[in-house]
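Computed from the coordinates by the stated procedures, all read-outs in this text should not be read as laboratory data. Since this is a predicted model, take the numbers as computed values, not measurements. Because the Cβ atoms are built from the backbone with ideal geometry, glycine has one as well, and the counts that use them run over all protein chains shown.
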Amino acid sequence: MDELIKRAARDLLNSNYAIALTGAGVSTESGIPDFRGPKGIWTLDPEAEKRAYQTYYKFLANPKEYWEERLTTPSPLGDLAKAKPNAAHYALAELEKIEIIKCVITQNIDNLHQKAGSRKVIEYHGNAFKLRCLNCGSRFDSSEFDLHRLKVERKLPPHCPICGSALKSDVVHFHEPIPADVLRRSLEEASKCDLMLVCGTSAVVYPFAELPRIARERLVKKEGKWQPVTVIEVNIEPTPLTQEGITDYFIQAKAVEVLPKIVEEIRKMRSAN
């Protein structure tokens with residue numbers, strides 16, 4: 001594994017526009033459970049996954065009922081407000097700070113990349129601490145609304161201050177389209193990177209899982225030759241990306257263990273030069 005970490009550090013150093021994709025496996029060491037891992041929320045409770053498939057439709061049919069359920073049902077992810085970034089989050093923030101990673105595209109809704117210091121973050125599946133208007137696309141910090149007071153006063157759902165439509169959580173539910181601005185920005189990043197570092201995602205949820213494939217289809221000039229975009233995968237177990245040969249190489253370990261070592265190797269290589 002040490003050689004692969006050195007290889008990743010070298011490839012990152014030699015890249016011109018590297019981006020990172022992150023999934024639940026990056027946040028598990030912060031105490032946030034994943035969904036599809038061996039002990040994932042839906043692995044252990046398939047019925048919970050079935051219910052999750054109905055959430056978006058519930059909002060469309062009855063926004064008030066949607067919000068009443070959200071405010072009375074504990075989140076399966078726990079109290080995200082108390083979660084703290086781990087070494088993987090800080091490593092990615094450091095890679096951005098030293099101008100190697102240009103953007104993080106994350107499936108995670110926990111806001112931990114931002115807490116760790118990453119500045120350019122695209123939240124593919126939304127942010128649990130924001131509300132979004134499906135009509136005009138505006139987003140608001142949830143702290144701007146006293147949701148529990150609205151529940152007590154029977155004034156749910158919250159409404160968009162701009163267009164007056166019912167607001168939903170910014171979190172993207174099953175069957176809900178990825179917001180147009182997020183989709184556009186993500187495709188732009190995948191279409192201009194020359195290296196993609198994929199960390200802690202099962203790579204089975206679409207359209208997010210399409211991003212490494214989109215990147216891999218492109219050719220970029222490296223050392224005078226046209227070659228496919230480099231895709232590096234860090235995960236505790238192989239994924240379809242590994243099995244289909246989308247990734248150039250697979251580092252089988254937790255992101256929290258690997259990413260800080262990559263940062264350390266990059267520092268060594270830079271100081272040696």
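The table for this structure:
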| read-out | value |
| --- | --- |
| Approximate spin-label separation residue 155-residue 62, in nm, with each point projected 7 Å along Cα-to-Cβ | 2.3 |
| Mean Cα-pair separation over length for the stretch 126-224, i.e. relative contact order, pairs under 8 Å, 6 or more apart, % | 23 |
| Neighbour-count order for 184, 213, fewest beta carbons within 10 angstrom listed first | 184, 213 |
| Most mobile of 105, 232, 214 in a GNM of the chain (Cα contacts under 10 Å) | 214 |
| Computed over the stretch 55-140, the ratio Rg/Rh where both radii use C-alpha atoms and Rh is Kirkwood | 1.05 |
| Packing-based exposure ordering (other Cβ within 10 Å, fewest first) of 5, 251 | 5, 251 |
| Under 30 Å from the Cα of residue 151 - lysines, other chains or at least 8 residues apart | 50, 58, 64, 82, 84, 115, 130, 168 |
| Over the stretch 169-270: Rg over Rh, Cα atoms, Kirkwood Rh | 1.00 |
| 0 to 90° range, to nearest 10: angle between helix 255-272 axis and the chain longest Cα axis | 40 |
| ³J(HN,Hα) computed for each position of the stretch 118-133 - Karplus, 6.51 cos²θ - 1.76 cosθ + 1.60, integer Hz, glycine/proline x | 5, 9, 9, 10, 9, 8, 4, 10, x, 9, 5, 9, 10, 10, 9, 9 |
| Given 192/261; 6/268; 102/192; 120/254, the pairs whose alpha carbons are separated by over 20 Å | 192/261; 120/254 |
| Among 193, 160, 103, residue whose mean-square fluctuation peaks in a GNM of the chain (springs only between Cα atoms under 10 Å) | 160 |
| Whole-number D in µm²/s for the stretch 1-109 (Stokes-Einstein; Kirkwood sum over Cα pairs; 4 °C, 1.567 mPa s) | 77 |
| Structure-based [θ]222 nm, the chain - -39500 (n - 2.57) summed over DSSP H runs of at least 4, per residue, nearest 500 | -10500 deg cm²/dmol |
| Principal axis dimensions, the stretch 1-51 - Cα atoms, whole angstrom, descending | 46, 24, 17 |
| Ratio Rg/Rh, restricted to the stretch 92-215 and using Cα atoms, in which Rh is the Kirkwood radius | 1.02 |
| Most to least packed among 150-159, 107-116 [average Cβ atoms within 10 Å] | 107-116, 150-159 |
| Antiparallel content of DSSP bridges confined to the stretch 72-225, in %, to 5 | 75 |
| For the chain: Kirkwood Rh in Å [reciprocal of mean 1/r, alpha carbons] | 19.7 |
| 11, 34 arranged by Cβ crowding within 10 Å, fewest neighbours leading | 11, 34 |
| Contact order normalised by residue count of the chain, Cα under 8 Å, 6+ apart, percent | 25 |
| Cα-projected label distance for residue 84 with residue 184, points at 7 Å along beta-carbon direction, nm | 3.9 |
| Choice from 137, 164, 31 with maximal GNM fluctuation in the chain (Cα, 10 Å cutoff) | 164 |
